[in-house]
Structures are given as C-alpha cells and as structure tokens.
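Here the structure comes first, spelled out in structure tokens, and everything after it is commentary.
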Amino acid sequence: MRYYVDGEDRPATEPQGTPQLPPWGETRVVGKPLSRVDGYERVSGTAMYTLDVALPDMLHAAIVRCPHAHARVTKVDTSRAEKMPGVRAVLTGTTPGADLPWYFGEQGPTSKLFDPHCRYAGEEVAAVAAETPHQARDAAQAVVVEYEVLPFVVDPDAALKPDAPKVHEGGNRLGDPRVTQRGDVQAGFAQADMVVEGSYRTPCELHTTMETFVSVTRWEGDRLTVWESTQGVYATREGLARTLGLPLSSVRVICPYMGGGFGSKFEVGKYTVIAALLARMTARPVKAALSREESFLSEGNRPANLITLRAGAKKDGTLTALQGSFTGVVGAYPSGGTAAFQVLALYRCPNVRVEESDLYLNAGKARAFRAPGFPQCNWALEQLMDDLAQKLGMDPVDLRLKNLTTVLQMWGNPPFTSTGLGECLTRGAEAFGWQAARARPRGAGPVVRGVGMAAGMWGYPGEPRSTVIVKLYPDFSVNLNMGASDIGTGTKTVMAMVVAEELGVPLARIQIEHADTGTTQYAPVSGGSQTVLVNAPAVRAAAADVKGQLLEIAAGEMNCSAGDLVLADGKVARADSTGEPKPVTDLRGLQERQVLVGVGRRHPHPQGKVGLPFAAQFAEVEVNRRTGEIRVIRLVAAHDSGRVMNLKTYENQVFGGMTMGIGFGLTEQRLLDPQTGKMANANWHDYKIPTAKDVPLEQTCVPVDPHDTECNTTGAKGLGEPATIPTAAAIANAVYHATGVRVTEAPITPMSMLELLAVPKGGE
Ligand code: MOS
C-alpha cells in the first residue's frame, strides 16, 4: 500500500459533476445500530466467496515449496509429475514466460517468481495444474527437486552478528537507517527533570484471515479475468497487468464475498500469477487455493520489532524529548517493517529523533498488518509513558492529557480537522471508573488485579479518490455500484445506509455490486482504515446526484422548481407542505427513462489540514502469580473516529480490534524452529489466536464524535486500525499495575510471566 502525504496526489481540478455537499446535520439512518445487509448470506452459506467459484473445465493448481530455510535449487525434475494422472501442465522457472522478477526493493527486484535461491522454508519452486486438487497435490509431491542446503538464520539477534549467514548478498540489514527528527534531542534531554528508557520486543504475528488465499483465473484470448480474495480489485489489476505485461484494460479482477485481509491481501500473490500462467498454458481456467499452512508460510505476517525508546519530561509531565530506534524484522524480502509515527505525532514534543531500519531473516516476508507498525510502536511508547507517569508520581491519564497536540507535528504541521484524544482519555476513564479502579487493592492472594491504559492514533488520512454510481429504478429501488471490497467489516451495510439517508430508499431495496474492475468504478484498497471515509462521500455524492435528477423530473410534473421540493418516504413533496405529495413511482419522467444514473466522486482532502483518528483504551487484568496466567477482565475503548456511521458495525470493529490486540499482547507469535529454520506452528491449533474464552465478558465501546465537518462530507474518520493499536500496551500496563513487573516483550505468556515474577524486584 502506498501512503500519501497530505497535500500530495490531489486531483488538479475539482472533479466534475459532483458539487461538494454540506455536512450532514442530524441523520435518520446513518448512525443507527443496524445489522449487516448481507448478514444472512454470510451466515447461511449462500454467499459466494472466491473459493466457491467453479468454472466449467476448471483445473486446480498446486505449488511445490522449498522445505529448507535456505537453499539453492540445483535441479528440478518434472518428468514423473508430468505423467501423473490428471496432470495438464507443470510450471518451473525455466518455462517460457515464467522468468518473472519478484519482491521489489529500492534497488529493484530481489527475487523471481521461482528463484533458484530459496530464502525461507515454504518458498515457491514449481507448480502443477491437474484435473482435481488432489491430483495436483500428488503431482506436486512427484516433482523431484535437488537442493544445495545453505546455512540459515531465523533469529533476529543472530542475524545482526557480522558472521551471520547472509539472507542476501549485501547482508542482513536493508540499506541505511532512516532518520526522522525535529528540534534537538540532546538539548531536550538536558532540559528534562526525569528521563526514562526501555527496550521492547514484539513478536511476528500471522494474519489468520478466516478465508485463506485463493484465486481463479481464466483467459479469453488476451483478456484475463481473475476472481480473487483481495482487499482491492484495482490494486490487484494493476499488479497483474504490470507483472504479465498486459494493458490494464485486458485484466478484469472480481472480488465476491471476502473473508478477511488485515493487510495481507493488498499485494498480488505468486499463487495468482502461477494460476494465470498455468491457465494460459492449458487454455483452461485454473484455481489456486492455498491451504492454511501455505497461507501462514508464504502470504505475509506482522514483522517483529526491536525497539529502544527514551523519553524526557519536566516535573509537571511536559515532554521535552523523545528518542527511539526501531528495527523491523521483515523476513526474506524487502517490506516496511516499522512505523515510528506515534513517537513523532501522538504527543506534543519539540525534540524528537527516531531511527528506523529493517532486518532480513530466512523466513516468509512481512506484509502490511492492521495498522502496519503502529501496535508495535504503541507497545513501546505507551509502556514508556506508563513508566514516566509512575516515576513522576502522576496519573497515567493526566500525563497524556498534559501532552496533547492539535497539529500533526510532521508534514508541515497541519492542524487536525478534529482532535478527540483528550475526550477519549477523559470519557474512557470515566466509563472505566479509572480513579476508583486504580485505587483498589490489588489483592494479597495468588491472584492479583490491576488496571492500565494506553492511548493511540492512526496515521493515514486515506487516498482521496473514489467514483461511485447509484442507479434509481422506476419502482423506487436502487443499485449501488462501488469498487471497494467489503473485507468483512460491514462496508456494504454502511454504504447502503448512506444511500438510504440521501434517498429514503429502504435498505432492503438497495442491491450492491461486488467489487469488479469490469463493472464497478475505481476505489482504493479496503485498508488503511480508509474504506468508509474515502468511499462514503462518493456514495453520498452519487445518491445526491440521483436525487437532483429526480427532483428536476418532479418539478416539471408538479409545476414548480426543483428547489421547492423535498424527497421523503418515497414521495416528492413541496417543502412548504402545500399540495399533494407525489409518490416517486408515479413520476412519468422516471417511467419513461427507466433508470436515473447518479455519479459521485470523492473530493480532495481539505487543504492544509489532516483528518486522523484517536483512541484511548483501558484494561483490567488478573494475574495468577502461581501459574503466570493472565486474564483480561474488562476492556473499555474510547474512540474518536469521527461520525459513527453504524453503531453496531462500529462496535464490531472495536471489539474485533481489541480481540486482535489481546492476541498481540498475550498469545500470538510465529515460532521458527532454531534447529531446522521451519515454522513450528503453521496451523490454527498451535498458532494461538484468542478464542471466546480469552475475550472479557465486559467490553465497552465509547464512541467520541467530535462532529468533524472538515475531514470529508460524512464526518467519518478511520476505525478499523485504531481499534487494535493501544490494546496490548493497556494490558501490559495493567499487568505492571497488578504485579510491579514490567513485561517489555510481547506476547506475555504464562512462562515469561512466571520467569519475570521469580526475579527479585529492586527498589520499586
Ligand atoms: Mo490494513 S494493514 O491497511 O488492511
């Protein structure tokens, strides 16, 4: 995903045909806690996901993967596989058209579709297409590959040593550290009355999307159609066209129902290109459906971070300096491994310096993962703030309130369109009963209790570009044509509510097209917490366009001007309530046209301002000092994500984000076996995501709506990512409050907790 700086990439002229609408005042539909418009389809099994796509004559692909953490392929013998039952094609790096560059860094490609130099266990070596999935897997097993096995490194500390095995020729560090700074940190620390510092570690996590990675590809002449479980059909189209050397117009990408991405489904996967190449070789459609294990090995992860952080403050809590060093452990190929953004932007601080770099390992490549880099940074920053508060004898909430800022201290210091962080802190603390909970005794038995909190923000204002078409039919029903994937967050529901708000059409009469580059218009990826704030204004504009046309027709038939008319309850009426309202279905002009087509385009972001979401979360935990077990007893999440578009999907996002945060803090980590370099928990049994039993019964969501009239015409800011950013740090701070033990390495497992509890504490 590309990140746009505010002010970049503005369309040079105002988009045509969509006048900027005034902000909503009171809304009738938007904001209500409504169930998903596609809930029935999703839970009943009638919704069609990419895995369900079955085309006549379709073949199935299977991929041969390197079993070694680091190896060179010396020979690939496909002769036996080619003779296996049902096999129609075998693809290797020497097949014409398959020699494709892959994994791009600053210096260009670092690998190939099938690179003879395999840098992690699970890397693609060859592929087959056969009549059934089982025949394909059997044939893949029959491909004989000879390897020269190389020394490997799967531990970040070992990878940093000068004599470590090299993942790439140039060594294990990717380029020079990136430095971002303002003011003078030395002077800032000199002014401080108190300086605190810490070293922190976060684990490599797997996305664990409920739907695995799957693609169905079909050629018709030079035209390629791909059904794909993706967060962005347009991004996938662009990646496929570039990789295969095709015009954009020759690639159609369709995303039917979709079962989760969390950032792992932005990039075009090798399996999709493999399926497309096999389909071209066989002149048959080809499906490539990865197993859970393959998805875990090869399709991305949240990079582990090694962080050191230092903060200086005055006696009253005013921050004078922040300094940090971040290393992102990105696996075998280039990827963005860190995001120090919150150190630079969450709190007012004149002197800041951060250094960020990435480190290779013989392991699967990192990808964007729900707020890329932010939960990792938050784990460090918010524990350090907790330390600072304790050393200053300040309440942690007060320390944060002391250091609020209303401008983004980067990108030329633009003011925020709204800053709800202060309100998140105070209203969250109130809903949690922070003061009282903080003062309660922790308990003297083996089980002790504690409470902690953390604040956070997300740093991507969204790509201000989306075109939506709304069609109104003569029976007062609507087709909503939108290019954004609903990745499981409720996008379709929210967009239908926006149409209902503008036109008064009941939700049940609104049909929504799946994202499809062949039929729906451009939308950026559903990610970066931008889906609602980018697309909802375009939906609103398209609906308003239809409404304008409808009122024009009505004005002609009611002998007045369109400005005198209002649309309500499926009827057009005079605003002054004179005369008889006319049902939309009685409008002759609509019957004659049969369809009104409204086009809506997203406007640029406001000049010189930036709209970003904020959060404060509060946790209460129980720690069993005998077993090391930690139970999260309750969570309160106060979020400023602007307007609440649908209270139910809003809460869904917050509870889901916090659940992922519990996993980050307490249970999840990819384990690489130091003996073999292979992933030891590449399945859903051994990779521990939180289950219903790990989630607290008491979870409260406190929406803070600052009534932002500037961020866009709906007033909504992003929510999906901020919901998961501060959870783990709030839990760690609660563990500290309960036990006096500062756990700097995530996840806090019973084992690590017990070990730390056994260390005598000095002077706390
Ligand atoms: Mo997200 S990592 O922008 O899906």
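The values are calculated or read from the model by the stated rules, or taken from the named source; none is laboratory data. Computed from a predicted model, the values in this text were never measured in an experiment. Note: ideal-geometry Cβ built from the backbone for every residue, glycine included; neighbour counts use all protein chains shown.
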Taking residue 335 and the conditions (1) buried (at least 24 other Cβ atoms within 10 Å of the Cβ); (2) farther than 14 Å from residue 183 by Cβ, which numbered condition does it fall short on, given that it satisfies the others? (1)
Mind listing whichever residues of segment 376-397 are within 16 Å of the ligand (Cβ to nearest atom) and either more than 11 Å from residue 454 (Cα to Cα) or surrounded by fewer than 24 Cβ atoms within 10 Å (Cβ to Cβ) (or both)? 376, 377
State which residue is farthest from the ligand (Cβ to nearest atom) when the search covers only segment 340-374 and only residues that are surrounded by 24 or more Cβ atoms within 10 Å (Cβ to Cβ) and among the charged types (D, E, K, R). 358
Sort out which residues of segment 496-540 are away from the ligand (no atom under 16 Å from the Cβ) and assigned to a loop (DSSP other than H, G, I, E, B), and write them in order of number. 504, 505, 506, 513, 514, 517, 518, 519, 520, 521, 522
In segment 684-731, which residues are small (Gly, Ala, Ser), on the phi < 0 side of the Ramachandran plot and either modelled with pLDDT under 95 or not in a strand (DSSP E or B) (or both)? 692, 718, 720, 723, 728, 729, 730
Does residue 190 satisfy being touching a helix residue (DSSP H, G or I) at 6+ places or on another chain (Cβ under 9 Å), free of Cβ contacts under 8 Å to residues at least 24 places away in the same chain and either under 16 Å from residue 319 (Cα atoms) or crowded, with 17+ Cβ neighbours inside 10 Å (or both)? no
Read through the list (1) surrounded by fewer than 20 Cβ atoms within 10 Å (Cβ to Cβ); (2) under 16 Å from residue 282 (Cα atoms), then give the number of the only condition that residue 79 fails. (2)
Return the pair list, or none, for Cβ contacts closer than 6 Å from residues in segment 403-418 that are over 16 Å from residue 708 (Cα atoms) to residues that are crowded, with 18+ Cβ neighbours inside 10 Å and of a type in the set (D, E, K, R), at least 6 apart or on different chains. 411/6
Do we find a residue being crowded, with 23+ Cβ neighbours inside 10 Å, within 16 Å of the ligand (Cβ to nearest atom) and on the phi > 0 side of the Ramachandran plot anywhere in segment 304-326? no
Failed item in (1) part of a loop (DSSP other than H, G, I, E, B); (2) away from the ligand (no atom under 16 Å from the Cβ), with residue 752 passing the rest: (1)
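Here are some residues: 246, 297, 278, 306. Which one is in a helix (DSSP H, G or I) and more than 21 Å from the chain's Cα centre (by Cα)?
Numbers: 246 fails: in a helix (DSSP H, G or I); 297 fails: more than 21 Å from the chain's Cα centre (by Cα); 306 fails: in a helix (DSSP H, G or I).
Within the list 246, 297, 278, 306, the selection yields 278.
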All but one of (1) more than 23 Å from residue 281 (Cβ to Cβ); (2) touching a residue at least 60 places away in the same chain (Cβ under 8 Å); (3) small (Gly, Ala, Ser) hold for residue 89; which doesn't? (1)
Scan segment 265-277 for residues that are closer than 28 Å to residue 90 by Cβ and either within 16 Å of the ligand (Cβ to nearest atom) or among the charged types (D, E, K, R) (or both) and report the count. 5
Answer from 528, 570, 589 - the residue that is touching an Asp or Glu at 6+ places or on another chain (Cβ under 8 Å) and touching a residue at least 60 places away in the same chain (Cβ under 8 Å): 528
Please determine, by comparing only the residues of segment 443-466 that are surrounded by 22 or more Cβ atoms within 10 Å (Cβ to Cβ) and in a strand (DSSP E or B), which one is farthest from the chain's Cα centre (by Cα). 450
Selected residue [within 16 Å of the ligand (Cβ to nearest atom), in contact with an Asp or Glu (Cβ under 6 Å, 6 or more places away or on another chain) and not hydrophobic (A, V, I, L, M, F, W, C)] from 236, 209: 236
Would it be correct to say that residue 727 is surrounded by 20 or more Cβ atoms within 10 Å (Cβ to Cβ), under 21 Å from the mean Cα position of the chain (by Cα) and touching a residue at least 12 places away in the same chain (Cβ under 8 Å)? yes
